[in-house]
Amino acid sequence: YTGGESPPGLYFTVSSDGGKNFAGSQQVHADAAIADAPALTVDAQGRVRLVWHAKLEGQRRLFTSTSVDFGKTLSTPIEVSTPAGKSMHPATAVADDGSVFVTWQQANEEVYVIHLPAPEQQMAGH
């Protein structure tokens, strides 16, 4: 999240040279009134999964986006299925198969964990 960009929001960029240079940043969730608290995983095949909380209407909900081209592009954000109420502060861990475990705070009292499948395999030649 950055308030220094216009508009403020959640942005994503990638470096392929150990952080010396970065590709241009892309806004992750332009439709959200608030999008922040990102959690990021990258598996051994370079597949990226980003999970964050965002507010479109009503309470904050969890959303996810993936990249199967080493972070060059991100999929359209989709909402993660969570119980009714405010879902916030996700944390993620990637498994050897590329699937991701997501934990978050639900309604300020409970902690939940779900398992998301790995993004589709890398395209041949990448």
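Run the numbers on the chain and let me know its relative contact order in percent, using alpha-carbon pairs under 8 Å that are six or more apart. Intermediate results must be reported in sequence, preceding the final value.
Details: 276 pairs, mean separation 22.8, N = 126.
About 18 percent, as a whole number.
If you take the charge dipole of segment 19-106 about its Cα centre, with +1 on Lys and Arg Cβ and -1 on Asp and Glu Cβ, which of Ala33, Ser87, Gln106 is farthest toward its positive end?
Looking along the dipole axis, the top candidate is Ala33.
Which percent of the Cα-Cα distances in the chain go past 20 Å? Present the calculation step by step, with values, prior to reporting the outcome.
Details: 3494 of 7875 pairs.
Value for the chain (Cα pairs over 20 Å): 44 percent.
Grab the other residues whose beta carbon is less than 13 angstrom from that of Tyr11, score K and R as +1, D and E as -1, and report the net. List each step's numbers first, then the result.
Working: positive: none; negative: Glu5, Asp36.
Neighbourhood net charge equals -2.
Just check segment 19-78 against the gyration tensor rule for me: Cα atoms, a ≥ b ≥ c as the square roots of the eigenvalues, rounded for a/c under 1.5, and otherwise prolate or oblate depending on whether a/b exceeds b/c.
Working: a/c = 2.30, a/b = 1.77, b/c = 1.30.
Here segment 19-78 falls in the prolate category.
Would you kindly derive the ³J(HN,Hα) couplings of segment 11-25 from the backbone phi angles with the Karplus curve 6.51 cos²θ - 1.76 cosθ + 1.60 (θ = phi - 60°), listing them in order in whole Hz, with x for Gly and Pro?
Once rounded to whole Hz, the list reads 10, 10, 8, 9, 10, 10, 10, x, x, 6, 9, 10, 5, x, 7.
So, for the chain, what is the accessible surface per residue at a probe of 1.4 Å, expressed in square angstrom? Don't skip to the end; give the middle numbers.
On the way: 7190 Å² over 126 residues.
Computed with neighbouring chains in place, this is 57 Å² per residue.
Please list, in order along segment 89-104, the HN-Hα scalar couplings obtained from phi with the Karplus expression 6.51 cos²θ - 1.76 cosθ + 1.60 (θ = phi - 60°), rounded to whole Hz, x for Gly and Pro.
So the Karplus estimates, Gly and Pro as x, are 6, x, 9, 10, 9, 9, 8, 4, 7, x, 6, 10, 9, 10, 10, 7 Hz.
Please list Ser25, Ser65 in order of solvent-accessible area, largest first, computed with a 1.4 Å probe with all protein chains present. Show your work: numbers first, answer last.
Values: Ser25 65, Ser65 0 Å².
I get Ser25, Ser65, largest accessible area first.
Going through segment 1-105, which trypsin sites (Lys or Arg not before Pro) have at most 14 other Cβ atoms within 10 Å and a DSSP loop state?
Working: sites: Lys20, Arg47, Arg49, Lys55, Arg60, Arg61, Lys72, Lys86; in loops: Lys20, Arg47, Arg60, Lys72, Lys86.
When the trypsin sites (Lys or Arg not before Pro) of segment 1-105 are filtered for loop state and at most 14 Cβ neighbours within 10 Å, Lys20, Lys72 remain.
First compute the accessible area of segment 25-126 with a 1.4 Å probe, then give the percent of it belonging to carbon and sulfur atoms. Spell out each step's value before the answer.
Values: 2890 of 5490 Å².
Looking at segment 25-126 in its full context, I get 53 percent from C and S.
What are the ³J(HN,Hα) values, in whole Hz, obtained from phi via the Karplus relation 6.51 cos²θ - 1.76 cosθ + 1.60 with θ = phi - 60°, for each residue of segment 57-69 in sequence order, with x given for Gly and Pro?
Once rounded to whole Hz, the list reads 9, x, 7, 5, 10, 8, 9, 9, 8, 10, 9, 10, 10.
Can you pull out the GluC sites (Glu not before Pro) in segment 47-126 whose DSSP state is coil and whose Cβ has at most 12 other Cβ atoms within 10 Å?
On the way: sites: Glu57, Glu79, Glu109, Glu110, Glu120; in loops: Glu57, Glu109, Glu120.
Those satisfying the criteria are Glu57, Glu109, Glu120.
Mind checking the full-extension length gain between Gln45 and Asp17? Use 0.36 nm per residue of separation minus the Cα-Cα distance, one decimal, nm.
Details: separation 28, 0.36 × 28 = 10.08 nm, distance 1.67 nm.
Gain on stretching Gln45 to Asp17: 8.4 nm.
Roughly how many whole Å is it from the C-alpha centroid of segment 88-113 to that of segment 1-38?
21
The values are calculated or read from the model by the stated rules, or taken from the named source; none is laboratory data. All of these numbers come straight from a predicted model, not from anything done at the bench. In this analysis, Cβ positions are derived from the backbone assuming ideal geometry, glycine residues included, and neighbour counts consider all displayed protein chains. The accessibility values were calculated without ligands, DNA or RNA, using every heavy atom of the protein model including side chains. Shrake-Rupley method; radii C 1.70, N 1.55, O 1.52, S 1.80 Å.
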